[in-house]
Amino acid sequence: MVATNTTGAAAPHDTAVPPAGNPGRRGPSPQARGMAALLVTVAIWAAFALSARGLSASSLLPADAALLRFGVPLLVLAPALWRRRHRIAAVKPGAALKIVCGAGVPFFLAAMHGGSLTSAAFVGSIVPGMVPLFVAALMASRGHGLPRGTQVAGLALIAAGVAALVWRYVVPVDADVLEGAGTLLVASGLWALYTVGLRDVDLDPVGSIGLLCLPSFAVIGLLVLTGALPTGLAHATGGDIATFLVVQGLGVGLCAGLLYAYAIRSLGAERSSVVGSLSPVAVVLLAVPVLGESPTPAVLVGVPLITAGVVLANRRRTTAPPAPARPAPARPAPRPEVPADA
């Protein structure tokens with residue numbers, strides 16, 4: 001969606017006149033509101049990365065966190081989702097599959113498993129950091145063209161930053177960290193699929209949350225009931241339940257879902273995925289006081305590279321100034337008409 005500068009005709013006498021120096025101002029543009037929504041989403045994603053790492057030290061299991069993640073939004077939005085049931089059911093299966101797989105149970109379990117084997121910095125860097133690369137590949141495969149200019153340099157720096165994060169675990173080989181990093185790459189690819197899929201459905205943000213959470217909650221509930229995934233919810237501490245209910249259920253599941261879907265519609269998939277990659281910085285800063293993690297040299301190198309890549313990839317391509325108008329060629333003066341009877 002492209003913001004338009006609204007300038008109307010002259011106002012009638014009984015219409016309020018805008019303040020001097022700010023003519024025609026009607027409030028923030030759609031792009032500005034989309035950017036604000038995306039920045040709040042980035043903060044929530046940082047909390048998601050911290051919770052993914054902190055889950056292994058809590059009394060909850062991944063299935064318990066998933067039940068809170070997908071169940072709380074359904075409970076809060078139940079009346080609104082009921083009014084949208086026909087539109088949700090009318091979504092094409094292919095588009096629905098992108099959303100359900102991209103941000104549903106497969107993504108959630110991959111992110112939680114990867115976080116348990118690595119660190120919060122890895123979750124906050126690899127998952128959102130690689131999304132622009134995956135989105136660019138998906139968009140190119142759909143015929144939208146290849147990245148150009150500074151976007152190519154930015155995407156290259158993002159890839160270099162992620163490589164810097166995992167390089168020290170390659171020699172010597174740390175199988176657990178490499179497995180976790182690989183799982184986080186899978187989660188990032190799934191999230192890119194979700195990012196692109198949001199543009200393929202004609203739903204508002206509330207409907208998009210319902211399309212994601214309804215089947216995801218049903219799947220995770222079935223896996224728990226059949227014993228395929230263990231649960232410790234009955235024996236979990238109240239503090240852990242409250243923390244994950246706020247972070248995963250209300251934060252990631254409800255607020256981030258609404259805000260990210262709005263940002264996608266306002267800014268587009270590519271720009272949203274790139275700006276969203278700024279969350280690694282927030283994760284690294286928060287992981288020190290919250291989880292007691294000390295940034296390693298790999299983190300200190302990788303995260304700035306990812307951030308620099310984000311800045312480059314998010315730069316707008318400047319357009320050349322319009323060429324000056326050439327003067328129209330002079331036309332010969334019209335010959336005076338001679339009366340027919342002359």
- Residues in region 176-184: is at least one in a helix (DSSP H, G or I), in contact with a His (Cβ under 8 Å, 6 or more places away or on another chain) and either buried (at least 21 other Cβ atoms within 10 Å of the Cβ) or in contact (Cβ under 8 Å) with a residue 40 or more places away in the chain (or both)? yes
- Item | Those helices (runs of 4 or more DSSP H) lying entirely in region 198-292 with at least 2 residues modelled with pLDDT of 95 or more | 205-225
- Message: Need a quick list: helices (runs of 4 or more DSSP H) entirely within region 43-102 having at least 1 residues that are basic (K, R) and over 23 Å from the mean Cα position of the chain (by Cα).
- Response: 78-83, 85-89
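So that you can scan it fast, the table gives a plain yes or no per residue for (1) under 28 Å from A36 (Cβ atoms); (2) touching a Phe, Trp or Tyr at 6+ places or on another chain (Cβ under 8 Å); (3) touching a residue at least 40 places away in the same chain (Cβ under 8 Å):
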site: A192; (1), (2), (3): yes, yes, yes
site: V196; (1), (2), (3): yes, no, yes
site: V206; (1), (2), (3): yes, no, yes
site: T243; (1), (2), (3): yes, no, yes
site: V246; (1), (2), (3): yes, no, no
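If you check A163 against the conditions, is it farther than 22 Å from P295 by Cβ and either out of contact with any Asp or Glu (no Cβ under 6 Å at 6 or more places or on another chain) or not basic (K, R) (or both)? Outline the logic, then answer.
Values: farther than 22 Å from P295 by Cβ: no; either out of contact with any Asp or Glu (no Cβ under 6 Å at 6 or more places or on another chain) or not basic (K, R) (or both): yes.
No; evaluated as a whole, the condition is false for this residue.
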- Item | Single unsatisfied condition, A160 versus (1) part of a loop (DSSP other than H, G, I, E, B); (2) touching a Gly at 6+ places or on another chain (Cβ under 8 Å) | (1)
- Task: Enumerate the pairs (first residue in region 218-232 and surrounded by 13 or more Cβ atoms within 10 Å (Cβ to Cβ); second residue anywhere and among the polar types (S, T, N, Q)) with beta-carbon separation below 6 Å, excluding pairs fewer than 6 apart on the same chain, so at least 6 apart or on different chains.
- Result: V224/T231
- Message: Condition first: within 15 Å of the chain's Cα centre (by Cα) and farther than 25 Å from L60 by Cα. Can you find one or more residues in region 207-219 that meet it?
- Response: yes
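The values are calculated or read from the model by the stated rules, or taken from the named source; none is laboratory data. As the structure is a prediction and not an experimental result, all values here were calculated from the model. Cβ coordinates were reconstructed from backbone atoms using ideal geometry, including for glycine residues, and neighbour counts include every protein chain displayed.
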